[in-house]
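Input: a single structure, listed below in structure tokens.
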Amino acid sequence: MAWQDLFGPNAGPTRGHEVSFRPVTATGTYVPSDEVVVNARALNGGPGVWILTPLRLDSGRAVAVLRGFVPAPGPLDAPPRGIDPPAGRVTVTGIVQPLDSSPFPAPAGPSSRAFDNPDVARLATQVRYPLDPAYLQLRSSDPAQAGQVPVPLPPPTLDDGPHLNYAGQWFLFTAVVLIGWPLVLRRSAAQRDAERSGAGP
């Protein structure tokens, strides 16, 4: 499915959540001058940053592409050198990720090239073209990215995770309360009756 089939000029702010994790393709031209880093990320236990680069589409709109992970010992103020995206027209295949707005919006001021999360809404205030309300997690591109980095991120895990275990634990807790509490009340009543009998004339 093509990105433009999911997002258009009338897409609302929740559209990204409605189509989360769908595989899509987007074709356009990267805008490396508007690229930002997302600090405090990790991959396989190693610290680093994510690289988020706008891809300008034929419609004039753009999609922020999460191109992948770059190892780094700490936070960066801007994207490192030597990781430029492919020049010219490129087709990106990836997964739709929902809008991730910061709970602590950055104050108005000069544009920043370092973010704490992939805040597409904030990035939209820094670019000169409309930016769709989601980002595209790259899996592959044509032409391919040069070099070993950025490393594309693994796809999100869509299994049930620990939720079934949690549900089972709560079921057991509920059963203990429903069965155990009447027994406690009955034992307390029996103990009170015994005390009354022992205190009789």
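The values are calculated or read from the model by the stated rules, or taken from the named source; none is laboratory data. Fair warning: this is a prediction, and the values are worked out from it, not measured in the lab. No Cβ is skipped: glycine too gets one built from the backbone with ideal geometry, and neighbour counts run over all protein chains shown. The accessibility values were calculated without ligands, DNA or RNA, using every heavy atom of the protein model including side chains. Shrake-Rupley method; radii C 1.70, N 1.55, O 1.52, S 1.80 Å.
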Filter segment 49-83 down to the residues that are within 20 Å of the chain's Cα centre (by Cα) and at positive phi and list them by number.
Gly68
Give the residue that is modelled with the highest pLDDT, with candidates limited to residues of segment 131-164 that are over 21 Å from Pro79 (Cα atoms) and either among the basic types (Lys, Arg) or in a strand (DSSP E or B) (or both).
Asp142
Select from segment 46-72 the residues that are out of contact with any helix residue (DSSP H, G or I) (no Cβ under 9 Å at 6 or more places or on another chain) and modelled with pLDDT under 95 and list them in ascending order.
Gly60
Any idea which of Ala167, Ala194, Ala108, Ala190 is part of a helix (DSSP H, G or I), modelled with pLDDT under 55 and over 15 Å from Val65 (Cα atoms)?
Ala167
So which residues in segment 15-45 are assigned to a strand (DSSP E or B) and either open to solvent by less than 20 Å² (accessible area, probe 1.4 Å) or free of Cβ contacts under 8 Å to residues at least 24 places away in the same chain (or both)?
Val24, Ala26, Gly28, Tyr30, Val36, Val37, Val38, Asn39, Ala42
Of all residues in segment 56-70, which are assigned to a strand (DSSP E or B), within 16 Å of Leu123 (Cα to Cα) and open to solvent by 10 Å² or more (accessible area, probe 1.4 Å)?
Arg56
Condition met for Gly82 (part of a loop (DSSP other than H, G, I, E, B) and over 15 Å from Trp3 (Cα atoms)):
yes
Out of curiosity, is Gly12 farther than 16 Å from Arg113 by Cα, open to solvent by less than 40 Å² (accessible area, probe 1.4 Å) and either outside any loop (DSSP other than H, G, I, E, B) or at pLDDT below 95 (or both)?
yes
For Val90, indicate whether it is surrounded by 14 or more Cβ atoms within 10 Å (Cβ to Cβ), at pLDDT 95 or above and not aromatic (Phe, Trp, Tyr).
yes
